[in-house]
Structure formats: structure tokens, C-alpha cells
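Report on the following structure.
Here, each number is a calculation from the coordinates, and none is a lab measurement. Fair warning: this is a prediction, and the values are worked out from it, not measured in the lab. Glycine also receives a Cβ, built like all others from the backbone with ideal geometry; neighbour counts cover every protein chain displayed.
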Amino acid sequence: YVKDAAELPYAFYTEEMELESQRLLKLKKELDNALEYNQFELYFQPIYFTPDKKVAKVEVLVRWNHPELGLVMPGSFIPLAEETGLIIPLGKWVIEHACQALGELNYRGIDIGMAINLSPRQLSDRTLGPFIEQTIQEFKIDAKKIELEVTEGLLIYNFETVLSQLQALRAVGISLSVDDFGTGYSSLSYLKRLPINALKIDRSFIMDIANDANDKAIVSAVIAMAHKLNLLVVAEGVEQQNQLQFLADNHCDFIQGFLLCKPQPFERLCLTLEQK
Ligand code: C2E
Ligand code: MG
Ligand code: MG
Ligand code: MG
């Protein structure tokens, strides 16, 4: 029998939750076929040298062209792909297509680096390191042009597996950066334990940097600390001129954000990079 809704304050909420979990289940199933149906697409966002605002490298950001939902952002499907394990083949797809794009840019005479995001789970897979080395060879990419962005979630996996792969990748000339720096639990132990080259300061610290005294203090201290450790610093999510000014005044090496350029499909990226 059905009770009156007023007597069941949680019934409505439960129904919403049920719908949400059904939606996620459907998305998860569709995600499983998305690789096969070729529904993923890479977008690219330039990262600029702070002093001269020249493009230093581009970050590769995956999107899912869903037949009904349109362009789905990685925040909605990467966590699902991590859960289902699809992140392993999807991650390889990203690496392969990023290298192909970089080869194409080189062919067009554009000489830049590329930063590729890795989920922690990918690095716990022992075939990842060899796959990356093989792929850069296949596309005749100089390893120095590749940077891998990793997050603090790494440390929950088998540390030996993760570390030995990162060391092998560093040994062939690939760079490593810590993404979303400052948002995890173990940021500083990371710096000690991993062979990294750069930090990316998370957007949440940049957002209010023009006004918030704590954010100013945190960001200027992180930049100074990174430089003492011989690490480069990238600021993410720069949207305003006054944020850029603060970062330049504090010697942040690289700037990334909508103020300078949004992520864009490959052909648009080529136009952006060629108009100079
Ligand atoms: P992330 O690596 O920290 O990437 C930066 C995110 O910030 C991107 O979101 C980018 O579009 C966004 N962004 C850049 N500048 C600005 C700005 O000025 N303002 C604002 N509001 N946002 C800005 P996106 O593309 O939605 O990616 C979200 C996250 O998904 C990434 O965060 C990364 O963790 C993950 N991701 C994206 N592509 C891949 C991938 O190929 N593999 C893996 N494993 N993760 C990926
Ligand atoms: Mg990133
Ligand atoms: Mg980031
Ligand atoms: Mg971030």
C-alpha cells in the first residue's frame, strides 16, 4: 500500500536517489561501449610562460560525445571509468591520440610539449610505463615533449609499482607534475617521495587570490618552496587579469586558464597556435 507523502518525509528523497542511481548505472553501461563507438574526443588547453605569454605546452583533456547528452565533461565520467576499470583502456586511448596530435603539430611546424593526465589507478597497472615508451617511439615523439600529470591519490596504490614506473618514465626523459596541488592529504610527502618536476597549484587557491590574504600567502609560499626544491610551478584556473598579475609578481612559471585560452578541439588549437 502507499502512504501519504506527508507521512513519509524521506520517501520522495529516496525516489530521487533511486533515479540518480539509475541514471549513473545507465551512464556506466554506455561508457563501456563509448571507446568502441569512438565517442571520446580530446580537447587541448594551452599553458603559457608567465613572462612573455608564449605557449609552452598544451594539456590534453578528454570529453565524451554522448549521442543524447552531447559533450560530457570528464568530471562526470572519469570517476565512473575508474570504478569500472575502463580507465585502463581509455587512458591508453588518450595517450595514443595525444601522441598522434603532437606528431601532427610537429609536422605543421609547431614545437610544443604536451601534458597528459593520469588517474592513480593507471599507474598501478604495470603495463602503463612500457605502453607509454612504446607509443612515443611509434609516433616519433621526443620524450622531453611529454609531461604526465598525476594526483595525490597515487599513494594509496602499491608504492613500489607506482614509483618504479615513474622512475623508468623519468629515465627516458618524460616529466612529471603533481596536479591539483594542495587539495590532497599528503602533498608534502609527495614532494619527498616522487621524482617530480613541477607542481600545478589547484584552481581553488587561485580563485580568490586577488582579494584573499590567506590565498595570497599560500600561493606565494608554495611558489617559493617549489623553486627552492627546483620545481617549476603552474597556476591553474586563471580567469582574471589581477590573478595573473599576482602570479607574475610572485614568479609563477606558467599560467593556464580561461583568461588566456579555453580547452578546444584539435583544429581550433592549430589555429590558435598558428596565429602568431
Ligand atoms: P585537471 O587536470 O585539473 O584539469 C584542469 C581542469 O580545469 C579542466 O577541466 C579545465 O577545463 C579546467 N579549467 C582550465 N582553466 C580554467 C579556468 O580558468 N576556469 C575554470 N573554471 N576551469 C578551468 P576538465 O577538462 O573538465 O577536466 C576535469 C578533470 O578531469 C581534470 O582536472 C582531470 O583531473 C580529469 N581529466 C581530464 N582529462 C583526463 C584524462 O585524459 N585522463 C584522466 N585520467 N583524467 C582526465
Ligand atoms: Mg591536469
Ligand atoms: Mg589540474
Ligand atoms: Mg584542478
For this session: Could you let me know the centre-to-centre spacing of segment 39-64 and segment 186-215, using Cα atoms, in angstrom?
Result: 19 Å
For this session: Take the alpha carbon gyration tensor of segment 82-237, find the square roots of its eigenvalues, order them as a ≥ b ≥ c, and report rounded if a/c is under 1.5; if not, report prolate when a/b exceeds b/c, else oblate.
Result: prolate
Exercise. Can you run phi through the Karplus equation (6.51, -1.76, 1.60; θ = phi - 60°) for segment 255-265 and list ³J(HN,Hα) in whole Hz, with x for Gly and Pro?
Worked result: 10, 9, x, 4, 4, 9, 5, 8, x, 9, x
Exercise. If you count the DSSP beta bridges with both ends in the chain, what percent of them are antiparallel, to the nearest 5?
Worked result: 45 percent
For this session: Give me the lysines in straight-line cross-link reach of Lys28: C-alpha distance below 21 Å, same-chain residues under 8 apart excluded.
Result: Lys92
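Using only the Cα atoms, work out Rg/Rh for the chain, with Rh taken as the Kirkwood radius, to two decimals.
Using Cα coordinates only, the ratio equals 1.02.
222 nm [θ] for the chain, helices only, -39500 (n - 2.57) per DSSP H run of 4+, per residue, to 500?
So the helix-based figure for the chain works out to -14500 deg cm²/dmol.
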Problem set entry | Alpha-carbon centroid distance for the pair segment 219-259 / segment 65-142, whole angstrom | 26 Å
Problem set entry | Interchain or long-range residues, amide H under 5 Å from Ala56's placed H | Ile47, Tyr48, Phe49
Seminar exercise, completed: For Leu176, the residues 5 or more places away or on another chain with a placed amide H closer than 5 Å to its own amide H are Leu148, Asn197, Ala198
Seminar exercise, completed: Once phi for every residue in segment 151-166 is put through the Karplus expression 6.51 cos²θ - 1.76 cosθ + 1.60 (θ = phi - 60°), the whole-Hz ³J(HN,Hα) values, with Gly and Pro written as x, are 10, 5, x, 3, 5, 7, 8, 3, 4, 5, 4, 4, 5, 5, 5, 5
Exercise. Whole-Hz Karplus ³J(HN,Hα) for segment 236-249, in order, using 6.51 cos²θ - 1.76 cosθ + 1.60 and θ = phi - 60°, x for Gly and Pro?
Worked result: 9, x, 7, 10, 10, 4, 5, 5, 4, 4, 4, 5, 5, 4
Exercise. Near Lys53, which lysines are there with a Cα under 25 Å away, not counting those fewer than 8 places off in the same chain?
Worked result: Lys144, Lys145, Lys200, Lys216, Lys228, Lys262, Lys276
For this session: Pairs of Cα atoms under 8 Å, at least six residues apart: use those to get the relative contact order of the chain, whole percent.
Result: 17 percent
Seminar exercise, completed: Dipole check, the chain, charges on Cβ (K,R +1; D,E -1), about Cα centroid: among Leu31, Pro46, Leu69 the Cα furthest to the positive pole belongs to Pro46
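Around Ala221, what is the net charge, scoring Lys/Arg as +1 and Asp/Glu as -1 over all other residues with Cβ under 15 Å from its Cβ?
-2
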Exercise. About its Cα centre, what dipole magnitude does segment 41-166 give when the only charges are +1 on Lys and Arg Cβ and -1 on Asp and Glu Cβ, stated in debye to the nearest 20?
Worked result: 320 debye
